Each structure stands twice: as C-alpha cells, then as structure tokens.
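Remarks on the structure that follows.
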Amino acid sequence: QVQVVESGGGLVQAGGSLRLSCAPSENIAAFNIMAWYRQAPGRQREFVAIHTVGVNTGYTDSVEGRFTASTDNAKNIFYLQMNSLKPEDAGVYFCNARQGMRAYWGQGTQVTVSS
C-alpha cells in the first residue's frame, strides 16, 4: 500500500512563507501526477496545485504567482513553496499521488495564517 506523508505546516503571519513537503513511499517517477489540495474548516477540499510528473505544473488562480510546486527527485520529495501567505490560505493541506486510476492521500498538514 502506497503511503504519503505531508509535513511542514505551521503558524505564520500574513505575508510570510512556508514550504510543505510530501514524501511518498514509492519513487515519485512511479506516479503520473502529484498534487496539493487544501481544506478550510467548513469548506470542501479544493485543488491548489498539480504537477504532471516530468511535464508541467498548474495552479488554482488564487495561488498563481505565490505558490510553487516542485519535486526533488534525489530526495523523493514533492514540495509546495508558499509565499505571500494570506489568511484565506489557511487550512489542512493534503498531498495527492496518482498512479493511473489509483489515488493516494496523506493525512494532511495544518497551515494557519494570522492576520
């Protein structure tokens, strides 16, 4: 069973930065897609960033230009660099790894942004 573990969340002031990490139990090259989602209290989980392994990366409009998703193949880590954070960026961030029709989720990491 593939496992996905997120880390790097925390409390940050508005305008600050955080870098989230996602460590899958298999080599990232084995996945077609790596993605980040987030869920704020009382809201549905929403897409944040998607990385088609070895191809390209896309973002939801609200984070475009502020967030960067990337992979470190040597460390087998999928990152989400978050800059210029806003209170509305707060929530639990989840990593999603997909192999064909199979999708794997981590437990999430909490991001809190104080105004």
Accessible area expressed per residue, the stretch 27-93, with surrounding protein chains retained (probe 1.4 Å, Å²): 51
Could you give the length gained by full extension between GLN110 and ALA14, i.e. 0.36 nm per residue of separation minus their alpha carbon distance, to one decimal place? 33.0 nm
Sum of side-chain charges, TYR37 neighbourhood, beta-carbon under 11 Å (Lys, Arg +1; Asp, Glu -1): 0
Determine the share of the chain's accessible area contributed by carbon and sulfur atoms, expressed in whole percent, with a 1.4 angstrom probe. 46
How far apart, in nm, are two points set 7 Å out from the Cα along the Cα-to-Cβ line at ARG102 and at ASN73? 2.2
Are there GluC sites (Glu not before Pro) in the stretch 1-97 that DSSP puts in a loop and that have at most 12 other Cβ atoms within 10 Å, and which ones? GLU64
Excluding exposed DSSP-loop trypsin sites (Lys or Arg not before Pro) (at most 12 other C-beta within 10 Å), longest clean stretch of the chain: 1-42
Segment SER25-GLU46, length gained on full extension (0.36 nm per residue, minus Cα span): 5.2 nm
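The values are calculated or read from the model by the stated rules, or taken from the named source; none is laboratory data. Because the structure is a prediction, the values reported are computed rather than measured. For neighbour counting, all protein chains shown are included, and Cβ atoms are generated from backbone atoms with ideal geometry for every residue, glycine included. Quick note on the areas: whole protein, heavy atoms, side chains included, nothing else; ligands and nucleic acids left out. Shrake-Rupley method; radii C 1.70, N 1.55, O 1.52, S 1.80 Å.
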